[in-house]
Each structure stands twice: as structure tokens, then as C-alpha cells.
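Written out below as C-alpha cells is the structure these notes cover.
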Amino acid sequence: MASAPTRLRLYNTLTRSKEDFVPLDEANVRMYVCGPTVYDFAHIGNARPAIVFDVLFRLLRHTYGADHVTYVRNITDVDDKINARAARDYPGLPLNEAIRKVTETTAAQYQKDVTALGCLTPTEQPRATDNIEGMQAIIGKLIASRHAYEAAGIGEVLFDVGSMPDYGALSGRDLDHNLAGARVEIDTHKKNPADFVLWKRSSADEPGWDSPWGRGRPGWHIECSAMSERYLGQVFDIHGGGLDLIFPHHENEIAQSRCAHGTDTMAKVWMHNGFLQVEGQKMSKSLGNFFTIRELLDTDKFGGRSWPGEVLRLAMLMTHYREPIDFSVSRLEEAANLFQKWQRITGQSDPDKLWLPPDDRIVDCLLDDMNTTGALGAVARIATEGSPEAMFAALGFLGLLPGPEQSYADLGPVAGRTAVRRMRAEIGRRVSEAFDHLEHAFRHAAKMTFGEMEKAATTHDLPAVNKNVEERLAALNARDFARADEIRATLLAEGIQLMDSKNAAGERITTWEIKR
């Protein structure tokens with residue numbers, strides 16, 4: 001395991017200060033980030049936390065070791081906005097079936113979008129609908145400890161904010177100020193107007209689950225409390241999200257979790273990225289400046305052209321994560337020109353020196369509260385020093401190029417092939433032939449990382465391996481099992497291990513890896 005950092009410092013919203021980061025357990029550094037509510041395609045504002053906390057994930061992995069960091073980013077797939085979108089888009093379907101169509105389509109698009117932005121796959125991506133039992137368990141504890149109550153006759157369970165003396169510590173709001181806060185409903189059935197819903201009744205045509213308080217569905221905040229506890233424990237290291245989530249969402253998460261578990265804290269460090277504007281204005285559909293990530297990647301709606309994911313990511317990193325960001329065409333053009341210049345430098349890399357560790361100057365900047373602007377300044381200095389391999393490592397570490405820790409399975413077929421083509425251009429003609437082999441091999445070696453595939457290219461005849469794999473697959477489909485077994489044995493003797501499975505369409509597929 002990598003040695004513990006001596007000066008990783010992060011700004012903690014809870015204490016309003018920059019602090020030395022000391023994990024609860026160096027062998028398992030734990031981070032939770034609020035993910036998308038999958039009722040619509042993610043907009044460019046949603047891209048910022050995905051990118052910010054991906055950089056932090058990379059930094060933590062570099063510092064403590066990849067096997068010693070757990071990153072959880074949830075998917076909210078039960079929400080009244082989802083219900084409304086499903087009813088609007090699929091009026092002829094039963095609501096539950098329509099909801100499933102909306103959430104599956106939107107969640108899949110989100111994964112494609114953030115992958116195109118260079119984000120690694122989190123360790124876990126739990127769905128709210130898979131954690132209803134955990135939510136109900138927390139609610140039961142809160143009722144038993146008198147921190148929550150059932151509202152008579154309406155099928156709601158509410159959190160009693162008056163039962164928590166230091167409620168409001170994260171946002172700095174007292175109960176009087178909370179009355180004017182976001183999403184605070186003033187109802188006569190509440191003990192305090194700031195009390196918030198933990199469980200609410202569902203009508204016959206709304207999604208719902210049986211519970212001790214009647215058939216219903218969870219409130220917004222309880223979902224993250226349950227998912228973070230399940231995967232990270234009652235107390236963990238870092239909780240992240242956008243600035244807009246401080247109140248009420250994160251404030252209420254803290255209240256639920258602490259009061260249910262009897263702990264002094266939920267997460268040691270609370271981190272929040274700043275707001276995003278578009279061309280100096282708040283993003284709004286009414287202003288015509290609302291853009292999804294997909295639109296920026298695939299259409300010419302912003303600035304008359306589409307923008308590569310690397311350029312969108314670089315444009316985000318050019319502003320410190322806690323500062324507001326003005327997303328503009330001129331900013332993207334600046335990022336595009338800069339990335340193109342840096343990419344040309346990496347094209348001169350020696351293929352035998354790829355996957356170097358990142359330059360300490362970049363790491364030092366990121367250790368100082370994720371100072372990406374300083375890190376990019378260090379990249380600019382590296383660009384003048386005549387080491388294309390160091391440049392390749394720098395861009396890979398920042399997620400601006402595919403790194404050795406990203407596998408074809410992480411990226412998916414389209415992004416994976418795109419990554420291979422970009423890598424060929426980046427490291428020049430000297431390895432173009434090897435990457436021709438790799439591009440072909442990726443169809444079969446889905447679980448191997450780029451670093452493993454690069455090694456395989458130097459020790460095996462990849463076209464011959466893939467020809468044998470395809471011949472065996474044809475034999476299996478023809479039920480010529482003797483020939484299939486013969487090919488498997490031959491490849492195994494050469495150090496190639498085969499794995500059979502089926503794709504989403506139920507068709508037989510075979511992947512392979514170097515036998516370990």
C-alpha cells in the first residue's frame with residue numbers, strides 16, 4: 001500500500017476550513033457522492049461533480065492504493081419527478097412500466113456521458129429502489145428513538161428537527177431560517193414547519209412498497225442515508241456533491257444518519273463544488289442556455305460544433321472546484337486549443353516508457369484541496385521540458401487521456417474503440433501496428449486493462465489469438481464441442497484463458513485474458 005499522505009488538505013464545509021485529511025482507515029478510504037436522479041438526461045451542470053470527484057477518486061487511489069479506496073455514487077430511481085416524466089412520455093403504459101423505461105434509458109445515458117468525460121467507474125453505483133429495506137430500517141430506528149413521528153391519518157413519517165439540538169450545523173441555518181429554505185413545506189400536520197418527510201403514502205397508481213406505516217415510498221433524503229450506510233458504514237471519510245445540495249439534502253442526511261445511529265458525525269469531510277453558469281447566466285430552459293452533456297458531445301447546439309469529452313473535462317478543471325464556473329464557447333475553444341497542443345506532444349512518446357507515475361508537481365497541487373488550476377499550470381511547465389512520456393502520464397492522471405487503470409469493459413464498446421484510436425494518435429506511428437492488433441483484441445479481452453493489453457501485445461500474436469477465439473466460438477455454435485475444447489486447450493497452453501458468457505441479447509460471447 002502507498003504510504004499515507006503528509007499533507008493532503010481538503011476544505012470541509014462542515015467546519016468551514018481547510019483541514020489535513022486523516023482517513024478513518026488507511027486500508028479503506030471511503031467516499032460517497034450524490035449521483036443523478038434519472039428522470040432526464042444529465043445537463044452540463046451535472047457533469048461538474050462527476051468530474052470533480054473523479055479527480056479526487058484518482059488522487060486517493062494514487063495516494064493510498066487503488067485497492068484501498070471505495071467510491072460510491074448513487075442512482076436515484078424513485079422520485080416524483082420520475083413519476084411525472086414517465087406519465088408524460090408513456091401515457092399508454094402502466095405507470096410502473098413507464099417508470100422503468102425512463103430510469104433504464106436515462107441511467108444508461110448517464111453512464112455513457114460520464115465515461116465520455118473521462119470518469120472512472122465508481123466502486124459501487126447503488127440504486128435507491130434496491131435499498132428500500134435499509135431505508136425502512138433507519139426510519140424504524142428514528143421512530144423508536146423519538147426523532148421521527150407518524151403524521152396521523154395521512155400515511156407520512158416525518159423527521160422531528162426539534163429533537164436534534166445542533167440541526168443546521170452544515171448549512172449554518174437555525175430553525176427560523178430554515179422556514180425560508182428550499183423544499184420546506186409548511187403543513188398543519190407537522191410539529192415544526194421544517195420537519196421533513198421520511199416516508200409518504202403512495203396512491204394505487206404510484207410506485208410504492210409495503211411498510212409498517214402503509215404502502216408508500218421514501219422521501220428524497222433517506223435514500224442516501226441508507227445507501228451510504230450499506231456500502232460505507234455509519235461513519236465514513238468524505239461526502240461530496242454540488243453546492244445546491246448543502247440544504248436541505250445534506251443537512252437532512254446528517255440529521256437522519258446521526259440520530260438513527262447515535263453517532264457524532266456522518267462523514268468526517270463534506271465537500272461541495274461551486275455553481276455553473278452558461279455564458280454568464282444561470283442555466284435555464286427558458287433562457288435557451290440549458291444543454292445536456294449528450295448535446296455538447298454529439299450536436300452543434302453550443303457554439304456551432306460538438307465538443308470532445310476531453311475538452312469539456314479540461315474546461316471544467318480550469319476553474320477550482322469550489323469556485324463558480326462560467327461555461328462559455330470561448331472557454332471551450334481555449335480548452336480545445338490547449339488540449340490539441342498537449343496531445344501533439346504526447347504523440348512523440350516512447351511506447352516503452354508509457355504509464356509512468358504522474359509528476360510530483362501535479363500531485364502536490366491536487367493535495368492542496370484539489371487545486372486543478374495549479375495542476376494544469378504544472379502540466380504546462382512539463383510541456384516545455386521535452387518529456388512527452390511525462391506529458392502522457394500527466395494527462396492520463398487527470399483523466400484527459402485513458403490511463404492503464406481503465407478497461408474496455410469500463411468504457412464500453414464505442415468509447416473503448418474511440419479510446420484506442422485516440423491512443424494510437426497520441427503515441428505515434430511507432431506503435432500504430434500494435435494498436436491495430438489491440439483494437440481487434442478488445443472485442444474479446446473486455447476485462448483486461450489497457451496496461452495489460454499493451455503487455456499482451458508484446459508477448460502474444462494477437463491476430464492469431466483472436467482468430468482462434470473466433471474459430472472456437474463458431475465451433476461452439478455448430479455444437480462441435482470436441483474442436484472447441486481442442487482450441488481452448490491449445491490457447492491455455494499458450495497462457496491464454498478463455499471465459500464464456502452471454503450478452504444482453506442472449507448470444508454466446510467469449511472473452512480472454514492472460515493467465516495469471
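The values are calculated or read from the model by the stated rules, or taken from the named source; none is laboratory data. These numbers were taken from a predicted model, which means no experiment stands behind them. Every residue, glycine among them, receives a Cβ derived from its backbone with ideal geometry; neighbour counts consider all protein chains shown. Ligands, DNA and RNA are stripped out before the accessible areas are found, and what is left, the full protein with its side chains, is counted by its heavy atoms. Shrake-Rupley method; radii C 1.70, N 1.55, O 1.52, S 1.80 Å.
Some notes on this structure:
- Those residues of the stretch 127-147 which are assigned to a helix (DSSP H, G or I) and either more than 30 Å from Ala47 (Cβ to Cβ) or without any contact (Cβ under 8 Å) to a residue 40 or more places away in the chain (or both), in sequence order: Asp130, Glu133, Gln136, Ala137, Ile138, Ile139, Gly140, Lys141, Leu142, Ile143, Ala144
- Flag for Arg217 being in a helix (DSSP H, G or I) and among the basic types (Lys, Arg): no
- When the stretch 122-139 is filtered for residues that are more than 27 Å from Ala66 (Cβ to Cβ), in contact with a Ser or Thr (Cβ under 9 Å, 6 or more places away or on another chain) and not hydrophobic (A, V, I, L, M, F, W, C), the ones remaining, listed by number, are Thr129, Gly134, Gln136.
- Extreme residue, farthest from Ala315 (Cα to Cα), among residues of the stretch 267-277 that are touching an Asp or Glu at 6+ places or on another chain (Cβ under 6 Å) and open to solvent by 40 Å² or more (accessible area, probe 1.4 Å): Lys268
- On the stretch given as the stretch 357-374, residues that are under 15 Å from His62 (Cβ atoms) and touching a Lys or Arg at 6+ places or on another chain (Cβ under 8 Å) total 3.
- Failed condition for Ser330, given (1) more than 15 Å from Val55 (Cα to Cα); (2) under 26 Å from the mean Cα position of the chain (by Cα): (2)
- Hey, Leu170 touching a strand residue (DSSP E or B) at 6+ places or on another chain (Cβ under 7 Å) and either buried (at least 16 other Cβ atoms within 10 Å of the Cβ) or more than 27 Å from Met271 (Cα to Cα) (or both) or not: yes
- Among the residues listed as Asp244, Asp264, the single one being open to solvent by 30 Å² or more (accessible area, probe 1.4 Å), farther than 19 Å from Ile143 by Cβ and under 19 Å from the mean Cα position of the chain (by Cα): Asp244
- Meets criteria (modelled with pLDDT of 80 or more and in contact with a His (Cβ under 9 Å, 6 or more places away or on another chain)) for Ile496: yes
- Meets criteria (closer than 28 Å to Leu95 by Cα and surrounded by fewer than 20 Cβ atoms within 10 Å (Cβ to Cβ)) for Ser225: no
- The set of residues in the stretch 290-335 that are among the small types (Gly, Ala, Ser) and surrounded by fewer than 19 Cβ atoms within 10 Å (Cβ to Cβ) comprises Gly303, Gly304, Ser306, Ser328, Ser330.
- Every residue from the stretch 354-368 that is crowded, with 20+ Cβ neighbours inside 10 Å and in a loop (DSSP other than H, G, I, E, B): Leu354, Pro358, Asp359
- Evaluation of Gly347 against (1) open to solvent by less than 50 Å² (accessible area, probe 1.4 Å); (2) within 25 Å of Gly242 (Cα to Cα) (one fails), failing number: (2)
- Selection status of Gly280, over 25 Å from the mean Cα position of the chain (by Cα) and either open to solvent by less than 50 Å² (accessible area, probe 1.4 Å) or at pLDDT 95 or above (or both): yes
- Of Glu156, Glu124, Glu150, all but one fail to be under 21 Å from Ala47 (Cβ atoms) and charged (D, E, K, R); the exception is Glu124.
- Of all the listed residues (Leu491, Leu473), the sole one being modelled with pLDDT of 85 or more, open to solvent by less than 10 Å² (accessible area, probe 1.4 Å) and in a helix (DSSP H, G or I) is Leu491.
- Where a residue in the stretch 232-253 is within 24 Å of Asp160 (Cα to Cα) and its partner, wherever it lies, is part of a helix (DSSP H, G or I) and open to solvent by 10 Å² or more (accessible area, probe 1.4 Å), with Cβ under 7 Å and at least six apart: Gln234/His261; His249/Trp220; His249/His221; Asn252/His221; Glu253/His221
- Counting only strands (runs of 3 or more DSSP E) that sit completely within the stretch 1-113, zero hold 3 or more residues that are open to solvent by less than 50 Å² (accessible area, probe 1.4 Å), touching a residue at least 12 places away in the same chain (Cβ under 8 Å) and aromatic (Phe, Trp, Tyr).
- Selection within the stretch 32-55 - under 16 Å from Ser228 (Cβ atoms) and among the aliphatic types (A, V, I, L, M): Val33
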